[in-house]
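Let me begin by presenting the structure, written as structure tokens, before commenting on it.
The values are calculated or read from the model by the stated rules, or taken from the named source; none is laboratory data. Here the structure is a predicted model, which means the values were calculated and not measured. We place every Cβ from the backbone using ideal geometry, glycine too, and count neighbours over all the protein chains shown.
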Amino acid sequence: MKHILFFILFFAVASVSAQTEFSTKFKSIPAPKFGAKPKKMPAPDMPSLDDPAAPNGEIPSIKTPNVYDNTKLTTKSQFQVGEEKSKFSMSTEKQFANPGDRYVDKMEKDLDKALKDAGLKEGRGPLVRKDIEFGDIYTSSAYFIIKCRDAGAIDGDLIKAVFNDNVVVERMLLKSEYQSFKITFNEGFNTFSLEALNVGTLGGNTGGFEITDAEGNHVLSDYWDNLDTGFKAKFVIVKQKELLKKANK
């Protein structure tokens, strides 16, 4: 046991001695010092303020240019507000306050044409201010059935039917479907008329009619167009024993 302790103590002393010797022999090498001298810049030559030949020592002020004062940089538009537009023009086009107004007339014409083609609007041409004669009708039948309807758009056309100066129908509002009534003849000549009581909201009074006899034979069908108020579609009916025929005008 004593021998073991001796060896431990020996190695400890030897280790401490070696470290002390190594630390005394090692010396750090200091970094070299390089002295950097600042570079001297020569002072600028400043003119003397007392020298009359020297320029004025005041620094000139910088003025920002105003582009709005230079009329050469901006050009006025000939259409700007406040400038009178040239009155000379080779164009016959109307001057409109709203540029879209120039298309209104064409759009209205196109719309009117489309409505007329679809049967939704009647023409507004000159009103017919005279009676329309539909000629003489010869028949051996005892009576006629008269059917009437609006031949155009339904716009409130009204008619009155008169037979031999007697009112047969006081007031008929023309519709899209036929409305019928009967007239019975006297021997010889008979007068019959359909009178326009008004003009419709879409044009003159326009109506169509269809006439059949007591035997159901078709006699005549036609129409009146754009009649003014008070004017008539007129017929002369001649009752005789001959076969039904329509006389030449």
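One residue is enough: does the range 232-242 have a residue meeting the conditions surrounded by fewer than 13 Cβ atoms within 10 Å (Cβ to Cβ), small (Gly, Ala, Ser) and touching a strand residue (DSSP E or B) at 6+ places or on another chain (Cβ under 8 Å)? Checked against the condition, which is being surrounded by fewer than 13 Cβ atoms within 10 Å (Cβ to Cβ), small (Gly, Ala, Ser) and touching a strand residue (DSSP E or B) at 6+ places or on another chain (Cβ under 8 Å), the range 232-242 yields no hits at all. Among the residues of the range 218-232, those identified as in a loop (DSSP other than H, G, I, E, B) and either without any contact (Cβ under 8 Å) to a residue 40 or more places away in the chain or touching a Leu at 6+ places or on another chain (Cβ under 6 Å) (or both) are Asp228, Thr229, Gly230.
Entry remark, the range 113-161: residues being among the basic types (Lys, Arg), at pLDDT 90 or above and over 21 Å from Glu210 (Cβ atoms) number 2 in total. Return a yes/no flag: does the range 193-211 have any residue that is more than 13 Å from Ala161 (Cα to Cα), acidic (Asp, Glu) and surrounded by 14 or more Cβ atoms within 10 Å (Cβ to Cβ). Yes. If the condition is being modelled with pLDDT under 95 and not in a strand (DSSP E or B), then the range 184-209 contributes Phe185, Asn186, Glu187, Val199, Thr201, Leu202, Gly204.
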